[in-house]
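Reviewing the structure listed below.
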Amino acid sequence: MEAEGYRTQLTWSLLAVAFLTSFGSSMLYGYNLAVVNSPAVYIKDFYNKTALGRNGTALSGETLTLMYSLTVSVFAIGGLLGSLIVGMLVTRFGRKGTVVKTTVLVFIAGSLMGFSRVCGSPEMVIFGRFITGIHSGISLSVVPMYLGEIAPKNLRGFLGLVPSIFIGTGVFSAQILGLHQLLGKEEHWPLFLSVVVVPTFIQLMLLPWFPESPRYLLIEKHNVHATITALKWYRAKCNIQAEIEEMQDEQRSLSSVETLSVWKLLQDDTCFTIEKLGRRPLMIGGFAMMGLCSAGITLALILQAQLSFMRYVSVCCVVGIIGGFCIGPAGVPFLITAELFKQSHRPAAYIVGGSLNWLSNFTVGFVFPFLQMSAGSYCYLVFATICVSVAIYVYIMIPETKNKTFMEISQMFSKKEAVLETQSLTHVDQLKLKKMNGYGGVEHASLEFNSSSSVP
């Protein structure tokens, strides 16, 4: 019966929206992460020739490495900016509206990078990477938010994984297209960087025909008619009235709660408790696989001079890292954010999570070339340690909350806070009883506390 309900809930419109948003937005993030790896030599040569033509002198090795690191990491700076403005955009334009309107950034970036060699301008490559970063920073937050709000509770995890699958597909596509037989030749690298406009164009042509998030339409726009229309699009056979009532319950619970800014979110004590939820198996498995494969790459690089088959082991480890990234880390953290925070908290939560993600991206992109020069084959042990540590943290701290509505998750934490408050009061009562029973150590400590607290 449960499997039958699953099939009736999974409609073509849900799949189409998940595919279009992930294909035209999320996949670009993965593609742009890896696209600069294959043509690195050609990009550096372009920078060097341009400097030679402008100044009459070539760039030094350190300057060339610095410019290439900037080209890689400026993508993360743009992503940080995009994650900071996503809250304002989704509130003003809606979830789908933000996805559609920000496609213009991809076309601008694609044009800059595509014509950079013709114009002899390395600045166009760097600025184009910066703009693609802005788009990816917005997309990484708004796509999981959109899919999390249109999905029924039993499909939220499935639809939430679609963006992560496409992120991994983007990384894999960049590796394949970067082969010398395809776009890996020197004359093709500007096209290789700008091919991102193709999936975005397909998204722009089709996505506007689908409705906005029903939860956004009802809770933030108070448009019941549009909400019912959107639910009819996204549901096959379900009790629409029950879903609307659940949204209205959340709306009533938020009637006295203002939309939180980032600063107010960080000051909200309940948010730190809520962050202890998540999709445990995917996160643990994904990070553990990435950690083991990172250690495997180190071992393969050390031994490949003695053992020829180790080069194939390193290739398998690279594929394993991409697979582990797709399993959980690529998309589950953003799914968790959509599940754990109320409607009023959600935009600010995505700003915080997205900012931390992009700061980490910038750090890795900028530091890795220098780390690789100094540590050599052992540089991947840094990432192995981090991945394994996160897997252990998730195993210890994060429980599972699948198949729960937003209100059920909120109520679960309300009960948890009530239990913690009861335990605290019980502990205080026990201290009072000990004091009355004449336990000297506790009595003296209590008296000392009381006397100190009476001092103005």
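Points to keep in mind about this one:
- Derived scalar couplings between HN and Hα for the range 365-371 equal x, 7, 8, 4, x, 6, 5 Hz in order, rounded to whole Hz, by the Karplus curve 6.51 cos²θ - 1.76 cosθ + 1.60 (θ = phi - 60°), x for Gly and Pro.
- Nearest-0.05 FRET efficiency for Cys316 and Ala242, computed from C-beta distance (R0 45 Å): 0.40
- On the beta carbon distance between Met88 and Val224, with R0 = 25 Å, the FRET formula returns roughly 0.50.
- Dipole size of the range 42-181 about its Cα centre, with +1 on Lys/Arg Cβ and -1 on Asp/Glu Cβ: approximately 360 debye, rounded to the nearest 20.
- Extension gain from Leu381 to Gln304, taking 0.36 nm per residue of separation minus the Cα-Cα distance: 26.0 nm
- Computed 3J(HN,Hα) for the range 85-94, one whole-Hz value per residue from the Karplus formula 6.51 cos²θ - 1.76 cosθ + 1.60 where θ = phi - 60°, is 9, 5, x, 5, 5, 5, 6, 7, 9, x, glycine and proline marked x.
- Exceedance of the 23 Å cut-off in Cα-Cα distance is limited, within the set Lys96/Lys221; Lys101/Lys185; Lys44/Lys101, to Lys101/Lys185; Lys44/Lys101.
- Measuring with a 1.4 angstrom probe and ignoring ligands and nucleic acids, Thr63 comes out at about 60 Å² accessible.
- Span from the the range 178-196 Cα centroid across to the the range 103-142 one, whole angstrom: 16
- Column: log10 I(q)/I(0), Debye, Cα scatterers of the range 10-210, q = 0.10, 0.11 Å⁻¹: -0.43, -0.51
The values are calculated or read from the model by the stated rules, or taken from the named source; none is laboratory data. Worth saying up front: this structure is predicted, and the values here are computed from it rather than measured. With ideal geometry, Cβ positions are generated from the backbone for all residues, glycine too; neighbour counts draw on all protein chains shown. Keep in mind that these areas ignore ligands, DNA and RNA; they rest on the heavy atoms of the full protein, side chains included. Shrake-Rupley method; radii C 1.70, N 1.55, O 1.52, S 1.80 Å.
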